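Okay, so here's the structure we're looking at.
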Amino acid sequence: MNAKELILKADIDELVEWIWLHDKRKGSVTPEFRQALSKLILDISKIEPIKTDNSIAAKEFEDHHLDVFAVEPDGQNFSLLFVKWGEVLGYSVPDELIAKLGIIKLAAGLLYELTWFGSTDEENNKAIAEFDEECQMIDEELKEIPPC
């Protein structure tokens, strides 16, 4: 199963309740929160996953906190920040990880990592482009420095 399939397989009502509870929000789930999460999942359903050999991994911390990240075939791991959603959604999710954490908890962790600071796919792509542009400018500046 890939990350997109995992997210879409999660029961939306359970996912809303789990995120609300573990985000330490007060009171009942608001209609706005439920609507925002439903829109996010609808947006994800429209994204074509990009197949790679990378997979999803997660480390669990106290109070049900997860650090969800990616692992390359050689074992190197990396953050999901500044990675296009289509690529992340194509990463495989090991059955053992699903069995250990459950679909709801793992889907919630993935959604949290994808939407860092509340970003959308479009905003994430813009941030990636800006970061790439800054890196290119730095590379050009470094080329202008004469060797010692």
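The values are calculated or read from the model by the stated rules, or taken from the named source; none is laboratory data. Model, not experiment: these values are computed from the prediction. Counting neighbours? That spans all protein chains shown, and the Cβs are built from the backbone with ideal geometry, glycine included. The accessibility values were calculated without ligands, DNA or RNA, using every heavy atom of the protein model including side chains. Shrake-Rupley method; radii C 1.70, N 1.55, O 1.52, S 1.80 Å.
Some points to look at:
- 5 Å binning of all Cα-Cα separations within region 24-77, expressed as whole percents from 0 upward: 4, 14, 12, 14, 21, 18, 10, 5, 2, 0
- Model label sites at K9 and V29, defined 7 Å from Cα along the beta-carbon direction, differ in position by 2.0 nm.
- Estimated [θ] at 222 nm from DSSP helical runs (n ≥ 4, -39500 (n - 2.57)) normalised by residues in the chain, nearest 500: -17000 deg cm²/dmol
- Bridge orientation summary for region 1-106: considering DSSP beta bridges with both residues in this region, about 90 percent are antiparallel.
- The chain - accessible surface per residue (Å², probe 1.4 Å): 65
- Cα-based Lys pair tally, region 1-95, threshold under 16 Å, eight or more apart or on separate chains: 8
- Here the chain is assigned +1 on the Cβ of each Lys and Arg and -1 on the Cβ of each Asp and Glu. Its dipole about the Cα centre then comes out at about 720 debye.
- Applying D = kT/(6 pi eta Rh) to region 1-130, where Rh is the Kirkwood radius over alpha-carbon pairs, T corresponds to 25 °C and eta to 0.890 mPa s, the Stokes-Einstein value obtained is 164 µm²/s.
- Spacing of the two label points (7 Å from each Cα toward its C-beta) at S38 and I50, in nm: 3.1
- The chain - percent of accessible surface contributed by carbon and sulfur, probe 1.4 Å: 54
- R0 of 22 Å, Cβ-Cβ distance W116-I145: FRET efficiency to nearest 0.05: 0.10
- Choice from F61, F69, F82 showing the highest fluctuation, given a GNM over the chain with Cα pairs closer than 10 Å: F61
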